[in-house]
Amino acid sequence: MSERTENPADDQANILAGQRDYYRARAPEYDEWILRRGRYDHGPEMNARWFEETEQVRDALIGLDIRGDVLELAAGTGHWTETLARTAASVLALDASPETLAVARERLGRAGLAEKVRFEIADLFEWVPDRTYDAVVFGFWLSHVPDDRLQHFLATVAASLRPGGKVFWVDSLRQDSATAPDQPLPAEEEEVMTRRLNDGRTFQVIKRFRSGATYEAAFARQGIDLTVSETPAYFQYATGVRRE
Ligand SMILES: C[S@@+](CC[C@H](N)C(=O)[O-])C[C@H]1O[C@@H](n2cnc3c(N)ncnc32)[C@H](O)[C@@H]1O
């Protein structure tokens, strides 16, 4: 759990460091969330709805027919990396956690796609692209970006995209049953929440829910035309194109 200081900028830096530590420590149990196991098992009916909706999002990503060189930000344990690597020529998968990327590397190896993917450790609040890509993709990352860093992050996305290049992202709708019952979501206007691991350790992370209209306006400021869609209960997902 991060310490509070007299300085809000230090507080935020501490939370972002805690967020990195959290995902490093969570790597071996991360997939329980997407697979609805353990603390994330909400019973057959709600689990079935979750899986239906994750498939809806995956179908939207597949429908985008992403080809060429792809940049994936906050790739984590590689759920989306595997889908991307099936059609892309190459994927550069960035994440701050060596532990989650190790899980992703194994997953891509099992799928026979390892040769298409390069994994690199990077802090996305510091990382600067040295080339452009045909597409940029990020899953469940935007809600971990604080309000006052959103435009800077989106400028990095725009700088990573060639004109006409595609964006795809997915994130969480505010829905209590998306997470475990022992980690309540932050109040409407708050952006910090406490996350727990299976062993009871706690960490603070940013979790900011924003409307589709907020995202569409924020991406437009960076020259990206974005359309945000929602599944019935759990997910917000978006496709976009960088203007020529
Ligand atoms: C919710 S997970 C999403 C993982 C994956 N994209 C998915 O959809 O399952 C968030 C990811 O962000 C990564 N992360 C946290 N802070 C980061 C930072 N400052 N820079 C890069 N990655 C970071 C974590 O390690 C974690 O893998």
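Hey, can you tell me all the residues within segment 135-154 that are within 14 Å of the ligand (Cβ to nearest atom), assigned to a helix (DSSP H, G or I), among the hydrophobic types (A, V, I, L, M, F, W, C) and farther than 12 Å from Ser172 by Cα?
Leu150, Phe153
Of all residues being in contact with a Gly (Cβ under 6 Å, 6 or more places away or on another chain) and not aromatic (Phe, Trp, Tyr) in segment 189-224, which is farthest from Pro146 (Cα to Cα)? Just the residue, please.
Ile224
Do we have Glu72 as more than 29 Å from Asp10 (Cβ to Cβ) and within 15 Å of the chain's Cα centre (by Cα) here?
Considered against the rule, which asks whether it is more than 29 Å from Asp10 (Cβ to Cβ) and within 15 Å of the chain's Cα centre (by Cα), Glu72 comes out as yes.
I'm told Arg162 meets every condition in (1) out of contact with any Ser or Thr (no Cβ under 7 Å at 6 or more places or on another chain); (2) farther than 18 Å from Phe140 by Cα; (3) outside any helix (DSSP H, G or I) except one. Can you identify the failing condition by its number?
The number of the failed condition is (1).
Show the residue pairs meeting these rules: Cβ distance below 7 Å; 6+ apart or different chains; first residue within segment 6-21 and in contact (Cβ under 8 Å) with a residue 24 or more places away in the chain; second residue of a type in the set (A, V, I, L, M, F, W, C) and more than 10 Å from the ligand (Cβ to nearest atom).
Sorted first by the residue in segment 6-21, then by its partner, the pairs are Ile15/Val192; Gly18/Phe203; Asp21/Phe203.
Tally the residues that are within 15 Å of the ligand (Cβ to nearest atom), surrounded by fewer than 18 Cβ atoms within 10 Å (Cβ to Cβ) and not small (Gly, Ala, Ser), restricting the search to segment 157-174.
Total satisfying the criteria: 1.
How many residues are surrounded by fewer than 19 Cβ atoms within 10 Å (Cβ to Cβ) and either of a type outside the set (Ser, Thr, Tyr) or within 12 Å of the ligand (Cβ to nearest atom) (or both) when one looks only at segment 87-104?
The total comes to 5.
If we keep just the residues of segment 7-51 that are farther than 23 Å from Ser97 by Cα and of a type in the set (Gly, Ala, Ser), which is surrounded by the most Cβ atoms within 10 Å (Cβ to Cβ)?
Ala48
How many residues are within 14 Å of Glu120 (Cα to Cα) and away from the ligand (no atom under 12 Å from the Cβ) when one looks only at segment 63-86?
2
Determine the pairs where a residue that is more than 11 Å from the ligand (Cβ to nearest atom), located within segment 118-130, has a partner that is among the polar types (S, T, N, Q) and assigned to a loop (DSSP other than H, G, I, E, B) with Cβ atoms under 7 Å apart, the partner being 6 or more residues away or on another chain.
Listed by first residue and then by second, the contacts come to Pro129/Ser160.
Scan segment 175-216 residue by residue and report those that are within 21 Å of Phe138 (Cα to Cα) and exposed (fewer than 13 other Cβ atoms within 10 Å of the Cβ).
Ser211, Ala213
Could you name every one of the strands (runs of 3 or more DSSP E) located completely within segment 191-244 that has at least 2 residues being under 19 Å from Leu154 (Cβ atoms)?
Fully inside segment 191-244 and qualifying: 224-230, 235-242.
Only the coordinates and a few stated rules stand behind these numbers; no lab work does. These figures come from a predicted structure and were not determined experimentally. No Cβ is skipped: glycine too gets one built from the backbone with ideal geometry, and neighbour counts run over all protein chains shown.
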